[in-house]
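S.K.: Supplied in structure tokens, the structure appears directly below.
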Amino acid sequence: MRFWAVIVGLIFLAAAGLPQANALAAGGNRVALVIGNSKYVYAPALPNPASDARLMADVLRKAGFNVIEGVDLDYAGMRDRLNKFTEASYDADTALIYYAGHGMQVNGKNYLIPVDAELTAPAHLRTRTVQMDELLAALPPDPAVGIVILDACRDNPLARTLAASLPKSRSTTAPGLAPIDVSSADVGSGGVLIAFATDPGAVSYDGNGANSPYTMSLARHLAEPGVEIQSALTRVRGEVTAETDGRQRPWHNASLGREVFIGPQTPPPAAPAPQQSSTETPAAPAGTDARGWEIEQRVWDEASKRNTLAHYEAYLQQFPKGAFADLARLNIDQLKKPPITVGKAPAAVADTESDAPRSAMAAQPPAAAGNPETDAGTELTESAIGLDRQARIDLQERLLATGYDLDEADGDFGIKTRRAIGRWQEENQLPPTTFLTPKQYARLKLDTDDAVKSYRAKRASEAEAKKQESAASQKTQKPQPVVRAKPRREQQREAANPRAAPRAKATGRKSGFRTCSGIDGTFEVPASQRCPLSGYAHY
């Protein structure tokens, strides 16, 4: 009997030690690169990235990472840190890169921007930025896990400066960052995960405090004990979406071959289940706490992806007190609102099912959608429209067509353009911030369609008349002969040897006679005769 008791005791001890052994195995050699760029030379300083980087570096050190850290790095500094990370992470089991600061996308490729970058020519993308592909190449080979976290989707004035220098034949910049497909990335069988602070093509927000909403939520959940990294990022998405009223929706793309835990793998003790009233629908039973959370996560991911009433209601039926219940009810209220119409053009109905990523224009605050008259434009809301140079010229022409004072439509939103936008907003009972929102931009275009057509027709007519007048003036003016000056040597020769003036031909001479000279003067004889030697003619 005692023998079997000892055996059972050993089995229990071994089982109790398994989670700790797994946690140690999951830890192994772990390396992180953390960069936060705030103090830009050629762009306004960002308030949060430097403190965001320090916060994430502290979280990762406590989780057992060897952290290579850098704040406000120039181009040489970013290259140096990236090289050190590449060498340190080559034999690592888990390698993580966190970047906060300015980033941009051009032609679907992402670039991270050092603090000293001045982007005024297309070639500067290669010589003054760090490409996203270089970060992926720095991740360790098989069988390690590579993780890249980017809080770099902020509104970027450097992108607008570069866009003005790019030729029209090449697709220019767009807001935020472009999505990255890691499904076929050859970075080891462990796999790759890339996390973004917000949806592709959208901009993220700096918080009112020392850290951005995204990094604050990451610090809370990324190294949470017993929480797998994709579950942690799902919680981050829910928190940030709720905190920003749907304006910022973090997302991630992963191709992992196994579960990855940044913090300890041992889950915290399960809390006792709350008592449910008889009117509430009970949650689906789960074998363990971790298994229940995985099911809830999958249901919520599907609902968030489809973004329809039916999917959110299905989530609430299964998890009425789930982690995303409040956010689900907020989205349901938003989808139930009637479509907003501008003039005669109805806005798109929000409850249609779509698998496409949400754009920055669709991620406007619910208050702005419900009451456009009180919608205040900011630099972020105007950046979300994604105006390229041609669209800016079009907007300036519309303002000119309606009588606002501008020098010319050149695509540069200077002081006069901003003043004209502010006057238009004031005249339409909108907050005169001089920056547009997507709804204000749509309204301005609708209100000025007729005026801009007349304006452009008049401009085209004036240009054609000027062209015809110029062609007519060139036709009436005959080219004058060009008198070339004689060579200097020939001029000197003629001055030294002047030619005798040609004799004037005698006038009044009769045809058929010869003039002869005599004592008494001249006289004429027939041309067939010779003048007499004595000077007198003999008849």
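Quick note: the coordinates plus some simple rules give every number you see, no bench work behind them. Bear in mind the structure is a predicted one, so any value in this text is a computation, not a measurement. Note: ideal-geometry Cβ built from the backbone for every residue, glycine included; neighbour counts use all protein chains shown.
S.K.: What nm value, rounded to one decimal, do you get for the distance between GLN317 and ALA376 when each label is placed 7 Å out toward the C-beta?
M.R.: 4.3
S.K.: Continuing with this model, one more query. Which listed residue (TYR455, ASN428, TYR441) has the Cα farthest towards the positive end of the charge dipole for region 415-459, taking +1 on Lys and Arg C-beta and -1 on Asp and Glu C-beta about the Cα centre?
M.R.: TYR455
S.K.: Can you flag which of LYS39/LYS445; LYS416/LYS453; LYS62/LYS84 are past 25 Å Cα-Cα? Present the calculation step by step, with values, prior to reporting the outcome.
M.R.: On the way: LYS39/LYS445 37 Å; LYS416/LYS453 22 Å; LYS62/LYS84 21 Å.
Too far apart for the 25 Å limit: LYS39/LYS445.
S.K.: Another question, then. List every residue whose amide H lies under 5 Å from the amide H of ASN66, counting only residues 5 or more places away in sequence or on a different chain, with H placed 1.01 Å from N in the peptide plane.
M.R.: HN-HN under 5 Å from ASN66: ARG30, VAL31, ALA32.
S.K.: I've got another one for you. Which of the aspartates and glutamates could be linked to LYS439 by a straight reach, that is with a Cα gap under 17 Å, when you skip same-chain ones fewer than 8 residues away?
M.R.: List returned: GLU373, ASP375, GLU379, GLU382, ASP394, GLU426, GLU427, ASP447, ASP449.
S.K.: Order 400-410, 213-223 from most to least packed using the mean count of other Cβ atoms within 10 Å. Write out the running numbers ahead of the final one.
M.R.: Details: 400-410: 14.9, 213-223: 22.7.
Ranked by mean Cβ neighbours within 10 Å, highest first: 213-223, 400-410.
S.K.: Just to check I understand the Karplus step: with θ = phi - 60° and J = 6.51 cos²θ - 1.76 cosθ + 1.60, what whole-Hz values come out for region 110-124, glycine and proline as x?
M.R.: Rounded to whole hertz, the list is 9, 9, 9, 10, x, 6, 9, 6, 10, 9, 10, 8, x, 5, 5.
S.K.: Shifting gears a bit: By how many nm would the segment from ALA310 to ASN83 grow when fully extended, if each residue of separation counts as 0.36 nm and the alpha-carbon distance is taken off?
M.R.: Values: separation 227, 0.36 × 227 = 81.72 nm, distance 4.94 nm.
Roughly 76.8 nm would be gained on extension.
S.K.: What are the residues whose amide H is under 5 Å from the amide H of ILE97, where those residues sit 5 or more places off or on another chain and H is modelled from the backbone?
M.R.: LEU33, ILE147, VAL148, ILE149
S.K.: Over the Cα atoms of region 70-143, each weighted equally, I'd like the Debye log10 I(q)/I(0) at q = 0.28 Å⁻¹, rounded to two decimals.
M.R.: Reported log10 I(q)/I(0), two decimals: -1.40.
S.K.: Tell me the relative contact order for region 63-117 as a rounded percent, counting alpha carbon contacts under 8 Å between residues six or more apart.
M.R.: The normalised contact order for region 63-117 reaches 39 percent.
S.K.: A further question on this structure: Would you mind checking which residues have amide H under 5 Å from LEU177's amide H? H placed 1.01 Å from N; only 5 or more apart, or other chain.
M.R.: GLY201, ALA202
S.K.: Which ³J(HN,Hα) values in Hz, rounded to whole numbers, follow from the phi angles of region 523-531 under the Karplus curve 6.51 cos²θ - 1.76 cosθ + 1.60, where θ = phi - 60° and Gly and Pro get x?
M.R.: Calculated HN-Hα couplings, in order: 8, 10, 10, x, 5, 7, 9, 9, 5 Hz.
S.K.: Provide the gained length on full extension for the span ASP449 to GLU469, in nm with one decimal, where the gain is 0.36 nm per separating residue minus the Cα-Cα distance.
M.R.: Values: separation 20, 0.36 × 20 = 7.20 nm, distance 3.04 nm.
Here the segment from ASP449 to GLU469 would lengthen by 4.2 nm.
S.K.: What distance in nm separates the simple spin-label points at TYR42 and ASP333, each placed 7 Å from Cα in the Cβ direction?
M.R.: Spacing of the two 7 Å Cα→Cβ label points: 4.5 nm.
S.K.: Still on this structure, I have one more. At a Cα cut-off below 13 Å, give the aspartates and glutamates reachable from LYS109, other chains included and same-chain residues fewer than 8 away excluded.
M.R.: ASP133, GLU134, ASP181
S.K.: A further question follows. Give the average over all directions of the projected area of the C-alpha convex hull of region 377-468, one decimal, in nm². Let's see the in-between values first.
M.R.: Numbers: hull surface 23.4 nm².
Over all viewing directions, region 377-468 projects a mean Cα-hull area of 5.8 nm².
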